[in-house]
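Have a look at the structure below before the remarks.
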Amino acid sequence: MELLHLRYFVAVAQELNFSTAARKLHMAASPLSQRIKDLEKELGHRLFDRDTHHVRLTPAGSALLPIARGVLEQVDSIQWRLDETARPRRTTLLLGVPSGVHPDLRTRMDTLAERVADRFEIKRWPGGTERLVDAVCGGRLALTLARLPAGGDPALEQLPVMSERLGAVVPRDRFAGRESVALAELTELAYAGSPTAVTNAYFRGLDQQLSELGVRKRIELGSATFEGVSEIVSSGLAFSISMLDPRSPVQNYRLDNVTVLPFSDFHPRLETGLLWRKDRAHGGDLEEVITAAREVFAEPLHA
């Protein structure tokens, strides 16, 4: 088995579409499909169920995906980890960053990095909340920003750092001239949940809450991106829920026929926290960094 086989597998697993994965890998779909077959043969397990319309992970594929991602993350970090050996005076720390982090939080991350720059170099590591929290628990990340709630591990501490208002992402032509929208007006549309990359306990709970409030139609988007959700909304088939603040980076994915309106009868907020392991903060190797973080993020932001 070669690392390329794992990269090919992860690309297909993320897209659940051989043609799209092949384009991202700068290769043709046919050889990509053959490489996946070679990997399946070597492992003795079918990794994908394929037909003319759909590609799905098998149980074996679902089990392999986090393993493959972990291996690739470790391999991809080899170069900069080796480079750091030439600079022993400073310790490199990884800070997890979920998708769509508000620019004001990025400013505070910069401030934290500057505050501890004499002894530590903070590098940012992207990912979904649940994977980032697992990485903190396992010691692969020093600390992480995470969408709350984020696990209940008693070994972790968390500091609330931001609260963001959420609004309804709706077709602009259907709600032209409107300043707000009520949930009852959305029941004819399907709810398109957040992209797989940002789905976590909060958004799963939000989905359940919407169902209890009468929004029961759903569109399952599989591994859709923010752009994919925007396409569905723009076509008039669905609505979604996202950050209201126009400065939020997710606003960059809005298409022409998409707008974000506040709810008139529903007030969801997305809470973000900073998490770390207790044993690394109190008398541990991160005590200085966590002390600085408590000062930098002392006042939670609101947007």
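The values are calculated or read from the model by the stated rules, or taken from the named source; none is laboratory data. Quick caveat, the model's predicted, so the values are computed rather than measured. Every residue, glycine among them, receives a Cβ derived from its backbone with ideal geometry; neighbour counts consider all protein chains shown. We work out accessible area using only protein heavy atoms, side chains counted, and drop any ligands, DNA or RNA first. Shrake-Rupley method; radii C 1.70, N 1.55, O 1.52, S 1.80 Å.
Remarks
- Within the range 146-180, considering residues that are β-branched (Val, Ile, Thr) and within 24 Å of Gly228 (Cβ to Cβ), the one surrounded by the most Cβ atoms within 10 Å (Cβ to Cβ): Val169
- Filtering Leu72, Leu57 for residues that are at pLDDT below 90, within 21 Å of Leu4 (Cβ to Cβ) and among the aliphatic types (A, V, I, L, M) leaves a single hit, Leu72.
- The listed residues are Gly44, Gly70, and the only one of them that is surrounded by 13 or more Cβ atoms within 10 Å (Cβ to Cβ) and either under 27 Å from Gly228 (Cα atoms) or out of contact with any strand residue (DSSP E or B) (no Cβ under 6 Å at 6 or more places or on another chain) (or both) turns out to be Gly70.
- Filtered residues of the range 186-200 (kept if open to solvent by less than 40 Å² (accessible area, probe 1.4 Å), assigned to a helix (DSSP H, G or I) and modelled with pLDDT under 90): Val198
- Hey, Leu183 open to solvent by less than 30 Å² (accessible area, probe 1.4 Å), at pLDDT below 95 and either among the polar types (S, T, N, Q) or over 16 Å from the mean Cα position of the chain (by Cα) (or both) or not: yes
- Among the residues of the range 264-303, those that are open to solvent by less than 40 Å² (accessible area, probe 1.4 Å), at pLDDT 95 or above and in a strand (DSSP E or B) comprise Thr272, Gly273, Leu274, Leu275, Trp276, Leu301.
- Where Asp38 falls short, out of the listed (1) acidic (Asp, Glu); (2) without any contact (Cβ under 8 Å) to a residue 24 or more places away in the chain; (3) surrounded by 12 or more Cβ atoms within 10 Å (Cβ to Cβ): (2)
- Test result for Thr52, in a loop (DSSP other than H, G, I, E, B) and of a type in the set (S, T, N, Q): yes
- Selection status of Thr20, polar (S, T, N, Q), outside any helix (DSSP H, G or I) and at pLDDT below 90: no
- The one condition from (1) under 30 Å from Ser240 (Cα atoms); (2) in contact with a Cys (Cβ under 8 Å, 6 or more places away or on another chain) that Pro268 does not meet is (2).
- Test: residue in the range 243-259 that is open to solvent by less than 70 Å² (accessible area, probe 1.4 Å), in contact (Cβ under 8 Å) with a residue 24 or more places away in the chain, outside any loop (DSSP other than H, G, I, E, B) and farther than 29 Å from Ile122 by Cβ: yes
- Among residues of the range 279-303 that are free of Cβ contacts under 8 Å to residues at least 60 places away in the same chain, those with a beta-carbon under 9 Å from a residue that is of a type in the set (Lys, Arg) at least six positions away or on a different chain give the pairs Gly284/Arg277; Gly284/Lys278; Glu287/Arg280.
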